[in-house]
Structure formats: C-alpha cells, structure tokens
Amino acid sequence: MSRPAQAVIDIAALCSNVQQVRRWAPQQKIIAVIKADAYGHGAVRVAQAIENLVEAFAVSCLEEALKLRAMGIQLPIVLLEGFFQAEELPLIAQHHLHSVIHTHTQVEQLLKISPPLPIPLWLKIDTGMHRLGFAPTEVEEIFHRLKRHLPTQTPLRLLSHLASADDPQSQQTLLQTQGLLNLVDTLQVESSLANSAGILGWPQTHRQWVRPGIMLYGVSPLANNLGSTAGLQPVMELQSALISVKRYRRGETIGYSATWECPEEMPVGVVAIGYADGYPRHAPAGTPVLVNGKRVPLIGRVSMDMVTVDLRTQPEAKVGDVVVLWGKQLPIEEIASSAGTIPYELLCHICPRVRRIEKIET
Ligand SMILES: *Cc1c(COP(=O)(O)O)cnc(C)c1O
C-alpha cells in the first residue's frame with residue numbers, strides 16, 4: 001500500500017439500496033443503470049453484486065456492455081444510446097444486448113439488415129427532454145415498421161427520459177408521463193420512464209420497467225435532499241490520510257495564490273487527495289472534511305494531489321490519521337453543493353489512480 005487515497009465500496013449498502021428501489025417500485029422490473037463504470041464504483045463489481053437482485057443492466061455503449069459480458073454477466077444489458085455504427089449490430093445480437101433506437105439513421109441501418117437480427121429494442125421517445133428520441137407524432141409509424149421487420153418473438157418497447165423529476169414542483173414530469181401514456185395506450189407495449197427521481201417522487205412514472213442510477217449508490221437525486229431521507233445508504237467512502245501536519249504563524253498563507261491566511265498560530269494538515277484524484281477543485285475553503293471522524297474545514301486551494309485543512313479543533317491529529325472526503329458520515333450531497341456541482345459528477349470523476357477496495361464487514 002502506498003498512497004492512501006482510496007474509495008471504499010460498501011456492497012452491503014448497494015444491495016440494501018436495490019431493496020429500497022423494490023420498496024418504492026414493488027411491481028416493476030429494475031434496470032440497474034451502471035454506465036460510466038457504475039458512476040465510478042466499478043461496473044463489474046456492482047453488476048456481480050446485484051445480478052441476482054435486478055432484471056437488467058443499462059450502460060452507454062457496446063464497450064461498456066462487452067466488459068460485463070467478458071466477466072460473465074448474463075442479464076440483459078440495455079445500450080442507452082443504442083449503436084453508433086451499423087457494424088456494432090452483429091456484436092449486439094451475439095451478446096444478447098438490448099438497443100435503444102433514437103434516430104432515423106439507426107432505424108434505416110436496422111431495416112437494411114437481412115435476415116433481421118433478434119435484438120430487443122427500446123424505441124426512445126422525446127416527451128420533452130429534447131435531447132434524444134423521436135417526436136411522439138412519428139412514433140407510430142416507426143414502431144410498426146420496426147415491428148414488421150423484427151423476428152416475431154423479439155421485444156419492441158418504448159422508453160423516455162424525464163427532464164425535471166428532481167423538482168417536485170415541476171409540471172414537466174406530468175406532461176412527459178402523459179405524452180408517453182398516450183403512445184402506450186395506442187401501441188399496447190411495455191415502457192420505461194422513471195430514473196431515480198421518478199422512482200422516489202413520481203409513482204405515476206413507474207410503468208413496467210424502472211431505471212435507477214444514482215439511488216443505487218445511496219445518493220439522492222433530489223435537490224437539497226440526502227439519500228438517507230429515502231432510506232438509502234452511501235456506497236462509496238472516499239478516504240485518504242494526513243501526510244503532513246505543521247504549525248504556521250499568524251499572517252502566513254497556505255497554498256497556491258496564497259488565498260488563505262492564518263488568523264492566528266495554528267496547525268495545518270495536508271491530505272493526499274487532489275483534483276487529479278477527482279476531488280473537486282472548486283471546493284472552497286470551509287468545505288468539510290473528516291479527520292479521525294471529526295469535521296474540519298478545508299483551507300486554501302485544492303491542488304492536483306493535495307488539499308490542506310484547518311486542524312485547530314483537532315490539535316492531536318497526526319501524520320497517518322484517516323481522512324474522509326465523503327461517505328456515510330459526510331454526505332456527498334453536501335460536498336457537491338459546497339463545490340457548486342452535483343454528486344453524479346463527483347462520483348464519475350474519481351480517477352483510476354484512486355484504489356477501489358471493497359468494505360470488509362466487521
Ligand atoms: C443515466 C440514466 C438513468 C439513471 O438516472 P439517475 O438519475 O442516475 O437515476 C436512467 N435513464 C437514462 C436514459 C439514463 O441515461
């Protein structure tokens with residue numbers, strides 16, 4: 001063991017969060033979203049831990065799916081952006097992946113293939129997010145063209161994505177839900193709409209399949225809310241250690257651009273974590289950090305490999321002491337808000353040089 005920066009992954013918490021998804025959406029099938037290396041938690045590890053607890057996985061691209069297949073994951077895997085080139089289609093079929101279809105280009109590429117490949121499809125509908133998907137008015141025709149083409153047993157379902165489900169006041173979620181329901185009524189197919197925020201806040205969005213991402217990792221998708229409020233447990237604890245503790249005199253400054261000045265003689269600790277590990281560079285002085293389980297404020301700028309902390313309330317702290325940047329005792333929601341970002345970004349930005357280890361149950 002060298003540099004002490006590590007992300008400790010709590011598999012028991014992950015499994016408990018899946019049970020919470022079931023509690024919120026008891027009738028639904030669960031597509032666990034593990035794109036972006038399971039939001040930084042390690043997609044293979046997460047998939048292996050919960051493959052018996054969910055009905056499918058979702059990732060962003062073929063490469064992410066093939067890594068899971070190579071490690072023996074056998075559940076259906078949905079490619080959320082579908083295929084980027086027609087050459088991917090044989091591999092998608094061979095590995096039993098599901099594909100989202102969101103553009104006319106993809107439709108034409110699929111229809112060209114003869115004999116047709118038995119790839120389960122999710123037709124993506126733009127109900128208001130205005131990012132990917134077909135306008136509701138064009139869906140019926142595309143649906144029937146694809147249906148005629150696909151082998152008879154191959155599922156063709158509808159999928160749409162919510163833009164504002166994290167805001168309980170927003171009217172957009174109801175409009176989007178209605179938009180999807182109109183199509184589902186006409187076409188009589190299964191559909192999927194709810195992300196984590198939909199699962200927690202909008203039961204009418206649940207449909208047959210739900211797509212939890214962030215809540216699996218114990219984090220709230222709702223603004224100004226903690227995962228624990230919804231019965232979720234943080235899965236990642238980002239840890240490091242003090243690698244230096246020194247005292248400075250009143251008026252001395254700490255770190256780049258001398259942005260922090262000691263108001264009195266005081267102990268300052270250096271922690272081995274920085275923006276090259278994924279700790280947010282924009283975390284301002286005052287952002288909390290746990291030293292030996294106690295909150296102390298960050299001071300000065302976040303550097304590439306280090307941050308500095310005010311140890312006045314922890315005068316006994318010494319080199320080697322454990323530091324927690326976020327985790328059960330220090331909600332990532334709070335750190336994200338302090339740094340002007342969202343927990344999703346913090347989780348995805350954890351770099352490969354941060355060791356991931358699994359928590360050993362004690
Ligand atoms: C990422 C993603 C999700 C999961 O969203 P969360 O907010 O993390 O629950 C669901 N559906 C699609 C299409 C996504 O891209």
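The values are calculated or read from the model by the stated rules, or taken from the named source; none is laboratory data. Quick caveat, the model's predicted, so the values are computed rather than measured. Here Cβ is always computed from backbone atoms with ideal geometry, including for glycine, and neighbour counts include all displayed protein chains. Quick note on the areas: whole protein, heavy atoms, side chains included, nothing else; ligands and nucleic acids left out. Shrake-Rupley method; radii C 1.70, N 1.55, O 1.52, S 1.80 Å.
How much accessible area per residue does the stretch 49-178 have, counting only protein heavy atoms and a probe of 1.4 Å, in square angstrom?
On a per-residue basis, 48 Å².
Pull up all non-local amide H partners of residue 209: gap of 5 or more, or a different chain, and H-to-H distance under 5 Å with H placed in the peptide plane.
Sorted by chain and number, the residues that satisfy this are 29, 191, 193.
In 5 Å bins starting at 0, how do the alpha-carbon pair distances of the stretch 51-135 split up by percent?
Bins of 5 Å from zero give 3, 15, 26, 24, 17, 11, 5, 1 percent of pairs.
Rolling a 1.4 angstrom probe over the protein chains, ignoring ligands and nucleic acids, what is the accessible area of residue 246 in square angstrom, nearest 10?
Taking all protein chains as shown, residue 246 has close to 110 Å².
What are the ³J(HN,Hα) couplings of the stretch 153-158, residue after residue, when phi is run through the Karplus curve with 6.51, -1.76, 1.60 and θ = phi - 60°? Round to Hz, x for glycine and proline.
7, 7, x, 10, 10, 10
If I ignore ligands, DNA and RNA and count only protein heavy atoms, how much of residue 15 is accessible to a 1.4 Å probe, in Å² to the nearest 10?
30 Å²
Kindly sort 191, 164 by accessible area of their heavy atoms, largest first, with the probe set to 1.4 Å. Working shown, then result.
Numbers: 191 0, 164 25 Å².
The ordering from most to least exposed comes out as 164, 191.
Measure off, as a whole percent, the carbon and sulfur share of the 1.4 Å-probe accessible area of the stretch 11-221, all protein chains present.
53 percent
From Cα pairs below 8 angstrom and at least 6 apart in sequence, can you work out the relative contact order of the stretch 128-212, rounded to a whole percent? All intermediate terms of the calculation are to be shown ahead of the outcome.
On the way: 95 pairs, mean separation 23.5, N = 85.
Worked out over the stretch 128-212, it gives 28 percent.
Could you point to the residue in 68, 43, 12 farthest towards the positive end of the stretch 1-82's charge dipole, with +1 and -1 charges on the Cβ of Lys/Arg and Asp/Glu respectively?
The residue sitting farthest along the positive end of the dipole is 12.
Can you tell me, using C-alpha contacts under 8 Å and at least 6 residues apart, the relative contact order of the stretch 1-139 as a whole percent?
On the way: 183 pairs, mean separation 20.7, N = 139.
Once divided by the residue count of the stretch 1-139, the mean separation gives 15 percent.
In whole Å, what three semi-axes, largest first, describe the equivalent ellipsoid of the stretch 11-221 built from its Cα gyration tensor (square root of 5 times each eigenvalue)? Please report the intermediate quantities before stating the final value.
Details: eigenvalues 131, 103, 36 Å².
Calculated on Cα positions only, the semi-axes equal 26, 23, 13 Å.
Please give the charge dipole size of the chain, origin at the Cα centre, charges +1 on K and R Cβ atoms and -1 on D and E Cβ atoms. Round to the nearest 20 debye.
Numbers: 32 positive and 33 negative charges, 108 e Å.
Computed charge dipole of the chain: roughly 520 debye.
Given a Förster distance of 45 angstrom, what is the FRET efficiency for residue 185 paired with residue 281, based on the Cβ-Cβ distance and rounded to 0.05? Before the final figure, lay out the partial values.
Values: r = 49 Å, r/R0 = 1.09.
With R0 = 45 Å, the Cβ-Cβ based efficiency is 0.35.
Using 0.36 nm times the number of residues separating residue 175 and residue 153, minus their current alpha carbon distance, what extension gain do you get?
Numbers: separation 22, 0.36 × 22 = 7.92 nm, distance 3.20 nm.
The residue 175-residue 153 span can extend by a further 4.7 nm.
Can you list the equivalent-ellipsoid semi-axes of the stretch 202-270, largest first and in whole Å, using the square root of 5 times each Cα gyration tensor eigenvalue? Each step should come with its number before you reach the end.
Details: eigenvalues 400, 39, 21 Å².
Listed largest to smallest, the semi-axes of the stretch 202-270 are 45, 14, 10 Å.
Label the chain by shape, choosing from rounded, prolate and oblate, from the square roots a ≥ b ≥ c of the eigenvalues of the Cα gyration tensor; if a/c is under 1.5 it is rounded, and otherwise prolate applies when a/b is larger than b/c, oblate when it is not.
Numbers: a/c = 2.52, a/b = 2.19, b/c = 1.15.
Prolate shape, in that a/c is at least 1.5 and a/b is the bigger ratio.
Taking only protein heavy atoms into account and a 1.4 Å probe, give the accessible area per residue of the stretch 236-358 in Å².
On the way: 5850 Å² over 123 residues.
Result: 48 Å² of accessible area for each residue.
Rg over Rh of the stretch 236-358, using C-alpha atoms and the Kirkwood radius, what does it come to? Working shown, then result.
Working: Rg = 13.6 Å, Rh = 14.3 Å.
Value, to two decimals: 0.95.
What accessible surface, in Å², does a 1.4 Å probe find on residue 71, ignoring ligands, DNA and RNA and rounding to the nearest 10?
Looks like 110 Å² after rounding.
Over the stretch 236-358, with every protein chain in place, what whole percent of the accessible area is carbon and sulfur at 1.4 Å, could you tell me? Please list the in-between numbers first.
On the way: 3000 of 5850 Å².
That fraction is 51 percent.
Radius of gyration and Dmax for the stretch 131-218's Cα atoms, expressed in Å?
Radius of gyration, then largest Cα-Cα span, for the stretch 131-218: 14.0, 43 Å.
Could you give the angle, 0 to 90 degrees to the nearest 10, between helix 136-149's Cα long axis and the longest principal axis of the Cα atoms of the chain?
Relative to the chain, helix 136-149 is tipped by roughly 60 degrees.
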